[in-house]
1. Please find, within region 269-292, the residue that is farthest from VAL182 (Cα to Cα) out of those that are surrounded by fewer than 17 Cβ atoms within 10 Å (Cβ to Cβ) and out of contact with any Ser or Thr (no Cβ under 8 Å at 6 or more places or on another chain).
2. So which of PHE233, PHE243 is surrounded by 17 or more Cβ atoms within 10 Å (Cβ to Cβ) and within 20 Å of the chain's Cα centre (by Cα)?
3. Taking the stated definitions as given, is PRO255 surrounded by 19 or more Cβ atoms within 10 Å (Cβ to Cβ), in a helix (DSSP H, G or I) and over 14 Å from the mean Cα position of the chain (by Cα)?
4. Given the conditions (1) buried (at least 23 other Cβ atoms within 10 Å of the Cβ); (2) not in a helix (DSSP H, G or I), report the number of the one that PRO266 does not fulfil.
5. Considering ALA159, ALA101, which residue is within 21 Å of CYS181 (Cα to Cα) and at pLDDT 85 or above?
6. I need the full set of residues from region 231-254 which are at pLDDT 90 or above and of a type in the set (A, V, I, L, M, F, W, C), in order please.
7. Starting from region 44-61, take each residue that is over 11 Å from SER73 (Cβ atoms) and of a type in the set (Gly, Ala, Ser) and list its partners that are in a helix (DSSP H, G or I) and modelled with pLDDT of 95 or more, counting only C-beta distances under 8 angstrom and pairs at least six apart or across chains.
8. Checking GLY68 against (1) of a type in the set (Gly, Ala, Ser); (2) within 19 Å of LEU277 (Cα to Cα); (3) in a loop (DSSP other than H, G, I, E, B): exactly one of these is not met. Which one?
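The values are calculated or read from the model by the stated rules, or taken from the named source; none is laboratory data. Fair warning: this is a prediction, and the values are worked out from it, not measured in the lab. Cβ placement follows ideal geometry from the backbone for every residue including glycine, while neighbour counts extend to all protein chains displayed.
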Amino acid sequence: MRTEVTTPLAVIVIFFLQGLNLSGVALKRGFSSWKVQLFAHAFGFLLLPLFVWSCVVRGWVSPELAPGLLFLSILPTTISTSVVYSDASGGDAAASTFCAAFSNLLGIFVVPVLSSLLIFPRLDENLLGQDSGGVVFYTHFLERLLWLIAVPMLAGLLARRYLAPWVENRTAGLRNASFCCVLFIAYAGFCKGFGEGDGSLADGFLWESCLWVGAFLLFANLSATFLLRFSRFSWPQVITAFFAATQKSLAVGLPMGYLLFGQENPQLFAILLPLVLFHPLQLLLGATLCSVLPKNSSRM
């Protein structure tokens, strides 16, 4: 499949389409709900990584699983499903849109920093292909980050100014195109992981991954529910904050995983597996909550 060429192209398409789908009007309206934004980003980028890190340092998580679970915890929220679930449950659509967009823009800078602090020290430097602690590595990574993520997203935002009517009539098709690119990256990663036979699934690794991913999902949703009970948010704001804080993006996580850890890294499959397992679980739980949450309530 020539993944050394097609995977970077898929990453570029994903972030260009994400920029193209961002509504400037909704972003401006959502900026006013800064307290909701602060809660969601602090929860997603600080509390969840802190929870996983505390489990890792206590030795509860195996060294093989720790990098993948930590990577899952530091990712931004989903750019589409968190908005869809929030809107379907009576949340603030404008605030959800802004929160998802800002979380993903913030993730471009936060994820590499947290990875260097929490994940890289637990990886074999020889497997990273470069000196993981040196300036050369970070310069090379930031350059790839700029051209494969930041530039395509900014290009999509600029293109929307001229293509807004066309985009509004083709939202579903563009979203499906982005999902197809994500599916291709995931498929290529699984082919590589199984084809090279690096032993990632041996010795109960898959079962341990499922167990900890389920625990992470449970902690994220229960702790967000508990904390939001003490907030002074309105019901739409509570719904918006809940879905934005507890979701993790597969569409952003897979490309960033390839950029951060290297496409040829034999540990890459094990690092991305928790994210791949977490994604369908959060979709099922979110869909279930949408059907049972009241559309208007003063309490959680």
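1. First, the residues of region 269-292 that are surrounded by fewer than 17 Cβ atoms within 10 Å (Cβ to Cβ): 280-281, 283-284, 287-288, 291-292.
Right, trim to out of contact with any Ser or Thr (no Cβ under 8 Å at 6 or more places or on another chain) and you get 280-281, 284, 287-288, 291-292.
Numbers: PRO280: 14, LEU281: 17, LEU284: 18, ALA287: 20, THR288: 24, SER291: 27, VAL292: 29 Å.
Taking the candidates together, the pick is VAL292.
2. PHE243
3. When the stated conditions are applied, PRO255 does not pass them.
4. It is condition (1) that PRO266 fails.
5. ALA159
6. Hits for region 231-254 are VAL238, ILE239, ALA241, PHE242, PHE243, ALA244, ALA245.
7. none
8. (3)
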